[in-house]
Each structure stands twice: as C-alpha cells, then as structure tokens.
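Heads up, the thing below is written out as structure tokens.
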Amino acid sequence: MVDEKKWPTGVSGITIDDMGKMGVDEKNKLYWDGEKIILENKISLGLVELCVAIFVAGLVLISTIIGAWQWGCDLEWLSSSVCPKVK
C-alpha cells in the first residue's frame, strides 16, 4: 500500500490510462508524454571548487607519500641514508 501523504504537493499516482503516455526510443531512452525523462544527476564544479579539490587532493597525496616513507623507515625497509635520524 502506498502512503500518498508522504508525497510532495501536486504529485499523484499513475493510473492505467496514464501508462499509454510512457514510451522508449530506439536507444531505450525513457519518455513521458513525448518528453525525455532524465534519470541522472550531474555535478559540475566551478573554478574555485575545482582548484580547492585539486589542492586538497595534492595535500592528501603528499601526506600519503610522507606517511609511507616514515612507515618504511620505521620498519627498516629503507636505507638509513634516506631516513631521519632518531635520537
């Protein structure tokens, strides 16, 4: 059973008569009453957001490399010439 009270205002169920308004084209794209139904949401970043994302990704990459390098030193996988001196 469908609880239509939870639906937004102006939204109603589809009747059997309305099913004739559904259609597909040769590429299996879905249409309702002749209008294409968009089934995907795309996110596009502005220039500022893109720059911040690239900067943060760079910081994460650098942090990962430094962490792996330190871990390699701690486990003595790397030669002592590339590891910091430990007191």
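Please treat every number below as a calculation from the coordinates, not as lab data. Note that the structure is a prediction, hence the values are computed from the model and not measured. Cβ placement follows ideal geometry from the backbone for every residue including glycine, while neighbour counts extend to all protein chains displayed.
Things to note:
- Relative contact order, percent, the chain [alpha-carbon distance under 8 Å, six or more residues apart]: 10 percent
- Whole-number Å³ per residue for the convex hull built on Cα positions in the chain: 343 Å³
- Taking 4.7 Å between beta carbons as the limit, the unpaired Cys residues of the chain are 51.
- The calculated 222 nm mean residue ellipticity attributable to helices in the chain amounts to -11500 deg cm²/dmol, summing -39500 (n - 2.57) over DSSP H runs of n ≥ 4 and dividing by all residues.
- Contour minus Cα-Cα distance for residue 62 and residue 27 (0.36 nm per residue): 8.1 nm
- Here each label is just a point 7 Å from Cα along the line to Cβ, and for residue 43 and residue 85 those points are 4.8 nm apart.
- Separation of the residue 9 and residue 53 label points, Cα + 7 Å toward Cβ, nm: 3.5 nm
- The C-alpha atoms of the chain define a longest principal axis, and helix 47-74 lies at about 40 degrees to it.
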